[in-house]
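Chemist: Okay, handing you the structure first.
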Amino acid sequence: MPANGKKERVEDQTIRLASGRTVGFADYGIPDATAVLWCHGGPGSRLEPAYLRREASEAGLRIIGIDRPGYGLSAPQPGRTIAGWVPEALAVAGHLGIGPFAAVGTSTGGAFALALAALAPERVLGVVACCSMTDMRWPEGRATMSRPHVQAVWEAPDRAAALAAATDAHGEDGSKMRGDIAAVLAPSDLALFRDPEWMKEAMAGFPAMFAHGLQGYTDDRLADGAGWVTFDVTSIQCPVTVLHGGSDRMVDVIHAHHTAEVVPGAKLAVFDDHGHFSIVTEVVPAISNLLQR
């Protein structure tokens, strides 16, 4: 139970949009705590922040993980854009009766959290962009991304070919990713993978990442491959922390430096020993510090 004595709540839910599509989300924490909308990585799902739920509740935070289209309980949406997802996140917040909220975006999700801040400035208290890819119009950052897992999808001539490239790299159920990932993990990531509690939560969430095959991942890549063209990052007014591991071997730390340069007033926080996964353990303190700025 959280330190404040209130009961933690964990609920998987869905809502149906006016378009008829279904959006899934998981509600972690106490109802009257400060809300944090969690924009997961790619691949990822609403279950990504489960490992942090107790720490978040103790810090007075209520995390809501939202499945982007094509992941978990959310129906695919071919042709989606980064900015086009913002109304879905706001629909979830509205369904839950949430007013202002903070946003966290991990890896691929960083762009979606920043888009929330740019397009709904009256709602977003602050953003933590964690281990996040930067604007892919920046050639130096684009060149660091994995050729089979990312660049091959970007370079495909159409969605069908992009889906085939993503499936070839990851496997329909993500099985190839499990074998490939150890080679690109920092020592701190490997240590986290040996934590039974973390691994239990990670494996429980794995099927949701590939519930629709590689459709969610493919559409993420097609959305970010063009860069941040559907929202204006320079219009962000709220506090932003760009959080990154200096030992990240999946999204190089140069991405964080570039994002901190282009987001007005952003604060850069680099932890040299952390990698792509272990840096997420710094998210809850980063949110708490952000909300005090």
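Chemist: Can we say THR144 is open to solvent by less than 10 Å² (accessible area, probe 1.4 Å), among the polar types (S, T, N, Q) and at pLDDT 95 or above?
Modeler: No.
Chemist: If you scan the stretch 90-115, which residues turn out to be over 23 Å from ALA59 (Cβ atoms) and free of Cβ contacts under 8 Å to residues at least 24 places away in the same chain?
Modeler: Answer for the stretch 90-115, where residues must be over 23 Å from ALA59 (Cβ atoms) and free of Cβ contacts under 8 Å to residues at least 24 places away in the same chain: just GLY94.
Chemist: Follow-up question, since we're still on this one. Go over the candidates ASP232, ASP220 one by one and state the one that is surrounded by fewer than 19 Cβ atoms within 10 Å (Cβ to Cβ) and modelled with pLDDT of 95 or more.
Modeler: Numbers: ASP220 fails: surrounded by fewer than 19 Cβ atoms within 10 Å (Cβ to Cβ).
That would be ASP232, the only listed residue that is surrounded by fewer than 19 Cβ atoms within 10 Å (Cβ to Cβ) and modelled with pLDDT of 95 or more.
Chemist: How many residues are in contact (Cβ under 8 Å) with a residue 40 or more places away in the chain and assigned to a helix (DSSP H, G or I) if we restrict to the stretch 135-161?
Modeler: 6
Chemist: Next question, about the same structure. Looking at the structure I just gave you, is SER288 in contact with a Pro (Cβ under 9 Å, 6 or more places away or on another chain), polar (S, T, N, Q) and at pLDDT 95 or above? If you could, list the steps in order and put the result at the bottom.
Modeler: On the way: in contact with a Pro (Cβ under 9 Å, 6 or more places away or on another chain): no; polar (S, T, N, Q): yes; at pLDDT 95 or above: yes.
When the stated conditions are applied, SER288 does not pass them.
Chemist: Related question: Would the stretch 86-104 turn up any residue that is more than 23 Å from ILE30 (Cα to Cα) and assigned to a loop (DSSP other than H, G, I, E, B)?
Modeler: Within the stretch 86-104, none of the residues are more than 23 Å from ILE30 (Cα to Cα) and assigned to a loop (DSSP other than H, G, I, E, B).
Chemist: Which of the following residues is touching a residue at least 12 places away in the same chain (Cβ under 8 Å), more than 15 Å from the chain's Cα centre (by Cα) and more than 22 Å from TYR71 (Cβ to Cβ): PRO264, PRO196?
Modeler: PRO264
Chemist: What single numbered condition from (1) part of a helix (DSSP H, G or I); (2) open to solvent by less than 50 Å² (accessible area, probe 1.4 Å) fails to hold for SER132?
Modeler: (1)
Chemist: One residue is enough: does the stretch 60-80 have a residue meeting the conditions within 17 Å of VAL233 (Cα to Cα) and either open to solvent by less than 10 Å² (accessible area, probe 1.4 Å) or assigned to a strand (DSSP E or B) (or both)?
Modeler: So far as the stretch 60-80 goes, no, none of its residues is within 17 Å of VAL233 (Cα to Cα) and either open to solvent by less than 10 Å² (accessible area, probe 1.4 Å) or assigned to a strand (DSSP E or B) (or both).
Chemist: For the stretch 78-111, which residues satisfy the criterion of being among the small types (Gly, Ala, Ser) and more than 26 Å from ALA256 (Cβ to Cβ)?
Modeler: Those that are among the small types (Gly, Ala, Ser) and more than 26 Å from ALA256 (Cβ to Cβ): GLY79, ALA91, ALA93, GLY94, GLY97, GLY99.
Chemist: Continuing with this model, one more query. Pull up the stretch 162-177, narrow it to residues that are within 17 Å of ALA208 (Cα to Cα) and assigned to a helix (DSSP H, G or I), then point me to the one that is most open to solvent (accessible area, probe 1.4 Å). Walk me through how you get there before you give the answer.
Modeler: Our first condition is that a residue be within 17 Å of ALA208 (Cα to Cα); within the stretch 162-177, this holds for 166-167, 170-177.
Still in the list and also assigned to a helix (DSSP H, G or I): 166-167, 170, 175-177.
Working: ALA166: 0, THR167: 34, HIS170: 5, SER175: 64, LYS176: 92, MET177: 35 Å².
By that ranking, first place goes to LYS176.
Chemist: Being without any contact (Cβ under 8 Å) to a residue 60 or more places away in the chain and either within 20 Å of VAL127 (Cβ to Cβ) or buried (at least 24 other Cβ atoms within 10 Å of the Cβ) (or both) is the filter here; which residues of the stretch 25-42 pass it? Explain how you work it out, then say what you get.
Modeler: First, pick out the residues of the stretch 25-42 that are without any contact (Cβ under 8 Å) to a residue 60 or more places away in the chain: 26, 28-33.
Result: ALA26, TYR28, GLY29, ALA33.
Chemist: Test of understanding: among ARG249, ARG221, which residue is in a loop (DSSP other than H, G, I, E, B) and basic (Lys, Arg)? Walk me through how you get there before you give the answer.
Modeler: Working: ARG221 fails: in a loop (DSSP other than H, G, I, E, B).
Unique residue meeting the criteria: ARG249.
Chemist: I've got another one for you. Looking at ALA204 and the list (1) farther than 27 Å from GLN77 by Cβ; (2) open to solvent by 50 Å² or more (accessible area, probe 1.4 Å); (3) assigned to a helix (DSSP H, G or I), which single condition is not satisfied?
Modeler: (1)
The values are calculated or read from the model by the stated rules, or taken from the named source; none is laboratory data. Here the structure is a predicted model, which is why all the values come from computation and not from measurement. A quick note on method: Cβ atoms are made from the backbone with ideal geometry, for glycine too, and the neighbour counts reach across all protein chains shown. For the accessible areas, the whole protein counts, side chains as well, though only heavy atoms, and no ligand, DNA or RNA atoms are used. Shrake-Rupley method; radii C 1.70, N 1.55, O 1.52, S 1.80 Å.
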